[in-house]
Amino acid sequence: MAYSENLQDEAATIAFGKLLGEHCAGGARIFIKGDLGAGKTTLCRGILRAFGYEGAVKSPTFTLVEPYELTQQSIYHFDLYRLGNPNELEYIGIDEYFQAQNLCLVEWPERAADTLPPGDVEVLLSVSGKSRYILLHGMTVLGEAVCQKVFGSL
Ligand code: ADP
Ligand code: MG
């Protein structure tokens with residue numbers, strides 16, 4: 001099922017990310033699609049906030065992955081925008097990151113569509129005037145449950 005919401009400003013994207021994060025404790029794979037500037041990294045910042053991380057969050061474009069091994073949850077933030085060859089993912093040991101207990105946030109998952117395991121939740125962010133529009137799809141039983149909880153608590 002698809003769930004959508006308008007995000008008025010940056011603070012709304014962060015707040016939505018925090019809410020999403022709160023329902024992802026225990027691990028999930030969140031695939032985040034949208035053009036450059038759509039708010040993907042901002043959403044990740046909100047998700048990290050849910051686990052008490054208040055520091056800077058930038059897109060790990062050149063390193064592909066930024067690890068956040070927090071006390072309650074290991075979170076791995078990927079940005080595959082510059083992924084050249086999907087072999088690079090095997091090289092960095094993608095299977096180690098994509099374990100069920102980890103929370104994996106992936107910007108530009110479409111760049112590695114055949115290499116990544118399926119996402120639980122697919123997020124689509126788009127620019128809408130001065131604000132943003134967010135669409136969530138639950139792709140697995142876990143992902144659907146996450147979406148229902150997020151939208152049930154709005
Ligand atoms: P991406 O990772 O998709 O390239 P960013 O998260 O870096 O995008 O965000 C790009 C810009 O969009 C930032 O300046 C951010 O503050 C802004 N932004 C994020 N969410 C919103 C929103 N809901 N409304 C307006 N601007 C937003
Ligand atoms: Mg980004």
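Overview of values
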item: Any hit, the stretch 26-41, residues being more than 11 Å from ligand 2 (Cβ to nearest atom), without any contact (Cβ under 8 Å) to a residue 60 or more places away in the chain and either in contact with a Lys or Arg (Cβ under 7 Å, 6 or more places away or on another chain) or among the small types (Gly, Ala, Ser) (or both); result: no
item: Members of the stretch 84-102 found to be more than 19 Å from the chain's Cα centre (by Cα) and not in a loop (DSSP other than H, G, I, E, B), listed by number; result: ASN87, GLU88, GLU90, TYR91
item: Strands (runs of 3 or more DSSP E) fully within the stretch 1-83 counting 2 or more residues that are out of contact with any Leu (no Cβ under 6 Å at 6 or more places or on another chain), open to solvent by 30 Å² or more (accessible area, probe 1.4 Å) and within 16 Å of ligand 1 (Cβ to nearest atom); result: 2-7
item: Only listed residue being among the hydroxyl-bearing types (Ser, Thr, Tyr), in contact with a helix residue (DSSP H, G or I) (Cβ under 6 Å, 6 or more places away or on another chain), modelled with pLDDT of 95 or more and over 21 Å from TYR3 (Cα atoms), chosen from TYR97, TYR81, TYR76, TYR53; result: TYR76
item: Hits in the stretch 117-154 (condition: among the aliphatic types (A, V, I, L, M), under 15 Å from the mean Cα position of the chain (by Cα) and open to solvent by 20 Å² or more (accessible area, probe 1.4 Å)); result: LEU124, LEU135, MET139, LEU142
item: The stretch 138-149 residues that are more than 7 Å from ASP120 (Cβ to Cβ), paired with ones that are of a type in the set (A, V, I, L, M, F, W, C) and open to solvent by 100 Å² or more (accessible area, probe 1.4 Å) (beta carbon under 9 Å, 6 or more apart); result: GLY138/MET1; GLU144/MET1; CYS147/MET1; GLN148/MET1
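The values are calculated or read from the model by the stated rules, or taken from the named source; none is laboratory data. Here the structure is a predicted model, which is why all the values come from computation and not from measurement. For neighbour counting, all protein chains shown are included, and Cβ atoms are generated from backbone atoms with ideal geometry for every residue, glycine included. In case anyone asks, the SASA skips ligands and DNA or RNA and just uses the protein heavy atoms, side chains included. Shrake-Rupley method; radii C 1.70, N 1.55, O 1.52, S 1.80 Å.
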